[in-house]
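Written below as structure tokens is the structure these notes are about.
The values are calculated or read from the model by the stated rules, or taken from the named source; none is laboratory data. Predicted, not measured: the structure shown is a model, and the values here were computed from it. Here the Cβ is made from the backbone with ideal geometry for all residues, glycine too, and neighbour counts use every protein chain on show.
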Amino acid sequence: MPRRSRKEAVTFENAGRLAAAIGEHPREFVALVMAAVAIFSIVINALFLQKGPHPAPIFATRPLLMQEAILAPRLPSAQPTPAVEAGNQGRLQLIANIQRELARKAFYDGPADGIWGAKTDTAVRDFIQIAGLKANAEASDGLLRAIVTSNAKPSGANGASATTNDAIAKLIAPSKRVTAVQRALADFGYGQIKATGVLDPDTRAAVEKFERDRRLPIDGQISDRFVRELAAMTGRPLE
């Protein structure tokens, strides 16, 4: 019993010294305790909690709800709606009907394919001019009705057979290319030009003005390059 009493006395003495030290230096004791806890946490994390290479979190966290595993769903690619498709089909059918009616009245000699090309554009403009209509050369139900109800005929239709074998008549006959150019130049402010199909002085002056504006060689001729430049500027098919 005396040996046990001595150990207890030593323990109480050490405890008293520790309590006295804590009482004299409370801040240092708190800092020491926090440092010990931090070191302990780091050691436990390094040995047991890390599942991957550095930098891993000090403590394992619950995985986010499939945010890293599941990507955002892809939006479906835009597809034309039935209304848009129906509108396109309706426009193609409208143009094809206009082409058929123009062909029936000898203004147009191409296929009824529903494509508004240079030949269709020229035929429509010829019809509008001869019929004396105040309408735009654009596909519309009104234009189709006007073609169906009109008695207009293309110029020279009655005398076509008489001039077929006349070489001179072929040379001086109106050119569809010149007619298309004249209309485009007049519509875009290059002079009061009549769409006669003949390269007259007024047309030459308008061609030269366009060539100066576009910095082209000035010759007053309706060349392939001139037609390409004019079509690109107007956005209108000319051939």
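Structure notes:
- Among residues of segment 100-117 being outside any loop (DSSP other than H, G, I, E, B) and without any contact (Cβ under 8 Å) to a residue 24 or more places away in the chain, the one that is farthest from Ala152 (Cα to Cα) is Arg100.
- Residue under evaluation Asp121, criteria (1) under 18 Å from Thr196 (Cα atoms); (2) in a loop (DSSP other than H, G, I, E, B), criterion not met: (2)
- Near pairs, Cβ below 7 angstrom, 6+ apart or cross-chain, from segment 29-47 (on the phi > 0 side of the Ramachandran plot and outside the structural domain of Ala19 (by TED's automatic domain parsing)) to any residue that is at pLDDT 80 or above and part of a helix (DSSP H, G or I): none
- Qualifying residue in segment 171-181 (condition: exposed (fewer than 13 other Cβ atoms within 10 Å of the Cβ), modelled with pLDDT under 85 and not assigned by TED's automatic domain parsing to the domain that holds Leu92): yes
- Gly197 vs. criteria out of contact with any helix residue (DSSP H, G or I) (no Cβ under 7 Å at 6 or more places or on another chain) and either modelled with pLDDT of 85 or more or part of a loop (DSSP other than H, G, I, E, B) (or both): no
- Leu71 falls short on exactly one of the conditions (1) in a helix (DSSP H, G or I); (2) at pLDDT below 80, and that condition is (1).
- Criterion violated by Ala152 - all others in (1) modelled with pLDDT under 85; (2) surrounded by fewer than 17 Cβ atoms within 10 Å (Cβ to Cβ); (3) over 16 Å from Pro237 (Cβ atoms) satisfied: (2)
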